[in-house]
Structure formats: structure tokens, C-alpha cells
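Single-structure report; data block below.
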Amino acid sequence: MASDRASLLALRELIADTDLTLETIPDLPQNRTAHCRENLRAAKGYIEACCSPVAVEFDGECEMFGGHIHVATITPQKGFRWIIAPI
């Protein structure tokens with residue numbers, strides 16, 4: 001479980017870095033900046049819940065979480081890109 005937790009913590013750091021990036025660029029059009037921040041908060045909360053040592057007490061399926069986390073971005077300019085690729 002330690003490596004699984006490490007992967008979740010690394011993803012949490014990636015989310016924090018993205019949030020910092022959003023704070024330092026001009027607002028995106030069509031309220032996309034706020035939408036991105038909302039999605040980041042939801043993802044961070046989910047990751048923190050999965051990292052919680054008491055998570056299994058509330059949801060036995062949390063015990064099955066783990067393994068290598070995959071993260072990708074898809075943009076019109078660059079298409080599909082792995083951020084954390086499968087191993």
C-alpha cells in the first residue's frame with residue numbers, strides 16, 4: 001500500500017502545482033478557470049479520502065485502490081499527452 005499511497009500523494013502534488021499555475025495566468029475565457037479550480041478541488045478531496053487510513057472503515061472498496069496512477073491531458077493544440085504514463 002505504501003507505493004499506492006506515494007502515487008496518490010504525487011498526484012496530489014501535481015494538482016497543487018496545477019492550481020498554482022491557474023493562479024498565475026490570466027483568467028481563461030468562459031469561466032474555465034473557475035471550472036478548472038472546482039475540478040481540482042474535487043480531485044484533491046477524492047485523493048485525500050483514498051489516502052485516509054480510515055477510508056476502508058467507511059468503504060471496503062478503498063482497500064482495492066492502488067497501483068500505478070495514470071494521468072493524461074488532452075488539448076486541441078497538443079492532442080493526447082501522458083503526464084504520468086503507464087509502466
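The values are calculated or read from the model by the stated rules, or taken from the named source; none is laboratory data. Keep in mind that what you see is a predicted model, and the values were worked out from it rather than measured. FYI the Cβ positions are ideal-geometry reconstructions off the backbone, even for glycines, and counts take in every protein chain you see.
For beta carbons closer than 7 Å, sequence separation of 6+ or different chains, a first residue in segment 40-52 that is farther than 14 Å from Leu14 by Cα and a second that is surrounded by 16 or more Cβ atoms within 10 Å (Cβ to Cβ) and of a type in the set (A, V, I, L, M), the qualifying pairs are Ala49/Ala55; Cys50/Leu8; Cys51/Leu8.
Quick one: is Ile15 at pLDDT 75 or above and touching a strand residue (DSSP E or B) at 6+ places or on another chain (Cβ under 6 Å)? Spell out how you get there, then give the answer.
Details: at pLDDT 75 or above: yes; touching a strand residue (DSSP E or B) at 6+ places or on another chain (Cβ under 6 Å): no.
Criteria not met by Ile15.
Just name the residue that is farthest from the chain's Cα centre (by Cα) out of those in segment 7-42 that are surrounded by fewer than 12 Cβ atoms within 10 Å (Cβ to Cβ) and among the charged types (D, E, K, R). Ranking the candidates gives Asp27 first. Across segment 37-52, the number of residues qualifying as modelled with pLDDT of 75 or more, farther than 24 Å from Pro86 by Cα and either in contact with a strand residue (DSSP E or B) (Cβ under 6 Å, 6 or more places away or on another chain) or not acidic (Asp, Glu) (or both) comes to 2.
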